Amino acid sequence: MNYQRIGIVFIVSFCILYAIYYFFIIKKCKKDHKYVSQEVNLILIRHKINIKKIDVYQMVKVVSLVTVFILSIVIALVLEFSQNTVLSIFVATIISIMIAIICYELIGRYYKNKSIGK
């Protein structure tokens, strides 16, 4: 396993994906304060977070970072283990779903506690 290659792929994919998220999601949220991404919307609904008590723009930035992190991990792992395409897609799907569930749940709990505390 070539850890240096995995690290380079992770960093490059992270930078490219974050630039895309910044221009299409974060900037749009900054201009239109009522716009939020689907991930943020799902977290708000799932955890019943009061949107008036938190900084939604900050939440959009955090969720974007986490989403880009998850996608970059999956891209780096799939490119490293790409001998069998079907197996790579299956493993990438399972890994991304598990990491996303854990990360979005933690973000939701953090913002739920933050909205209750104010």
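Can you give the relative contact order of the chain as a percent, counting alpha carbon pairs under 8 Å and 6+ residues apart?
Reported relative contact order: 37 percent.
For LEU65 and GLN38 in one chain, what is 0.36 nm times their gap in residues minus the Cα-Cα distance, to one decimal in nm?
8.3 nm
Thinking of the chain as a set of Cα atoms, what percent of all their pairs are more than 20 Å apart?
50
Can you find, among ASN84, CYS15, ILE25, the residue farthest towards the positive end of the dipole of segment 3-117? Put +1 on the C-beta of Lys and Arg, -1 on that of Asp and Glu.
ILE25
Can you give the FRET efficiency for LYS28 and GLN4, using 1/(1 + (r/R0)^6), R0 = 41 Å, r = Cβ-Cβ distance, to the nearest 0.05?
Efficiency for this residue pair is about 0.70.
If each residue of separation counts as 0.36 nm, what is the full-extension length gain between ALA19 and LYS48 once their alpha-carbon separation is subtracted?
Contour length minus the Cα-Cα distance gives 7.5 nm.
Kyte-Doolittle cut-off 0.0, length cut-off 27 Å along the helix's own axis using Cα: show which whole DSSP H helices in the chain pass.
Span-like helices here: 56-80, 85-117.
Every number here is computed from the coordinates shown, using simple stated rules; none is lab data. Please read all numbers here as calculations on a predicted model, not as lab measurements. FYI the Cβ positions are ideal-geometry reconstructions off the backbone, even for glycines, and counts take in every protein chain you see.
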